[in-house]
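The values are calculated or read from the model by the stated rules, or taken from the named source; none is laboratory data. Because the structure is predicted, anything quoted here is derived from the model rather than measured. Positions of Cβ are generated from backbone atoms using ideal geometry, with glycine treated the same way; all protein chains shown enter the neighbour counts. Protein only, heavy atoms only, side chains kept; ligands, DNA and RNA dropped before computing areas. Shrake-Rupley method; radii C 1.70, N 1.55, O 1.52, S 1.80 Å.
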Amino acid sequence: GYTWDALYFASDFFDRLYDIACDMIRRGVAYVDDQTPEEMRKNRGTLTQPGVNSPFRDRSVEENLDLFERMKNGEFADGEKTLRAKIDMSSPNMNMRDPALYRILHLSHHQTGDKWCIYPMYDFAHPIEDAIEGVTHSICTLEFEDHRPLYDWVVRELEYPEPPRQIEFAKLYLTNVVTGKRYIKRLVEDGTVDGWDDPRLVTLAALRRRGYTPEAIAEFMKLVGVSKADSSVDYAMLDYCIRDDLKLKKPRMMAVLHPLKLVIDNYPEGQVE
């Protein structure tokens, strides 16, 4: 029931993201790391111990640009090299300890085909896409709260005049139903339900199949509101919203499916009511 001006995909901006990564290398805030994922994980430190700088952290700009272009050209195997941000390996926030910006992945993409064999990481692409698309407030769930400093670092480093802001809120949980997309995906793949529009689910496709109107769903969201604390909403509230919406649009009917014959044998003769 909703329309929008444009539908965007991260892949729409792959060329710009690559150019931005090259610019970050030139400004000395990104470098190519040769460490294996296991070495990077080990040198990242713990919540109580700072991380250790990569031995490749101080490569020259020229060398980093050359290696990054060769990564793009497919000269290295998956995981052989990674482009990382140069921030602070002693930061108390683990996400700020030189996070990965690009990884090598020789995999065909559903939008760009085989054009790319390096792909931007979510925490790098997300804030840039928001800035390009003109997003003012990027709404995330609570688990991204620790990622917000990295979000802010990216838009600050790129000096966007009107940078977007990330704000986190709790997920919407309903009683007695599964709402997480990964759990629903498992139910679909296992054949427990018939598909994403199975009427027993609460996906938008399933609700529409059951006759829920866009207005009823929107009203439900208004009633629920937003929260910073995890909680569950009674499923009865969703039922209330669809009844409240339909009572003004559709006539209400009652049907007797299994009538029961009743004989009254003591009613006064001649009496009419």
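Assorted remarks:
- Cα-centred dipole magnitude for the chain, charges only on beta-carbon of K, R (+1) and D, E (-1), debye, nearest 20: 520 debye
- Neighbour-limited loop hits for chymotrypsin sites (Phe, Trp or Tyr not before Pro), the stretch 124-215 (at most 16 other Cβ within 10 Å; DSSP other than H, G, I, E, B): Trp196
- Along the stretch 247-264 the Karplus relation, 6.51 cos²θ - 1.76 cosθ + 1.60 evaluated at θ = phi - 60°, assigns HN-Hα couplings of 5, 8, 10, 10, x, 8, 10, 10, 10, 9, 7, 10, x, 10, 6, 10, 10, 9 Hz to successive residues, with x for each Gly and Pro.
- Heavy-atom accessible area order for Ile184, Ile264, largest first, 1.4 Å probe: Ile264, Ile184
- Pairwise label distance in nanometres, Asp58 with Leu142, each label 7 Å out on the Cα-Cβ vector: 4.4 nm
- Gain on full stretching of the segment that runs from Asn93 to Gln49 - 0.36 nm per residue minus C-alpha separation: 14.7 nm
- Beyond 19 Å, the tail of the calculated P(r) for the stretch 132-273 holds 70 percent of the Cα pairs.
- Over the stretch 77-130, volume per residue of the alpha carbon convex hull, in Å³: 92 Å³
- For a paramagnetic label modelled on Leu246 (point 7 Å from Cα along Cα→Cβ), amide N atoms under 18 Å away belong, within the stretch 1-33, to 1.
- Backbone N within the stretch 119-147 under 16 Å of label point (7 Å from Glu168 Cα along the Cβ vector): 123-124, 127, 138-147
- The fraction of accessible area contributed by carbon and sulfur in the chain is 53 percent, rounded to a whole number (1.4 Å probe; ligands and nucleic acids excluded).
- Modelled spin-label separation between Arg27 and Lys115, with each label point placed 7 Å from Cα along the Cα-to-Cβ direction: 2.5 nm.
- For Arg84, Arg182, the ranking by accessible surface with the largest value first comes to Arg182, Arg84, using a 1.4 Å probe.
- Rg to Rh quotient for the chain, alpha carbon positions, Kirkwood Rh: 1.19
- In the stretch 1-72 the Cα-Cα distances spread across 5 Å bins starting at 0 as 3, 14, 17, 15, 15, 12, 9, 5, 5, 3, 1 percent of all pairs.
- Using only alpha-carbon positions in the stretch 68-203, the gyration tensor eigenvalues give semi-axes of 31, 23, 15 Å once each is multiplied by 5 and square-rooted (largest first).
- Relative contact order of the stretch 80-130, taken over Cα pairs closer than 8 Å and 6 or more residues apart, is 29 percent.
- Structural descriptor for the stretch 172-248: relative contact order 34 percent, calculated from alpha carbon pairs under 8 angstrom and at least 6 residues apart.
- In this structure the amide hydrogen of Ile118, modeled in the peptide plane, comes within under 5 Å of the amide hydrogens of Leu105, none closer than 5 places in sequence on its chain.
- Restricting the calculation to Cα atoms, the stretch 138-214 yields a radius of gyration followed by a Dmax of 17.7, 49 Å.
- Amide H contacts for Gln166 (H built 1.01 Å from N in the peptide plane; partners 5 or more residues away or on another chain; cut-off under 5 Å): Ser138.
- Cα-based equivalent ellipsoid of the stretch 41-114: semi-axis lengths in Å, sorted from largest, via gyration tensor: 26, 16, 10
- His126 sits with roughly 20 Å² accessible to a 1.4 Å probe, with DNA, RNA and ligands left out of the calculation.
- Rounded accessible area of Glu159 (nearest 10 Å², 1.4 Å probe): 150 Å²
- Between the C-alpha center of the stretch 196-221 and that of the stretch 52-105 there is a gap of 44 Å.
- Cα-derived Rg to Rh of the stretch 1-137, Kirkwood definition: 1.00
- Note on the stretch 112-159: the alpha carbon radius of gyration divided by the globular reference 2.2 N^0.38 Å gives 1.29.
- Per residue, the solvent-accessible area of the chain (1.4 Å probe, heavy atoms of protein chains only, all protein chains present) comes to 66 Å².
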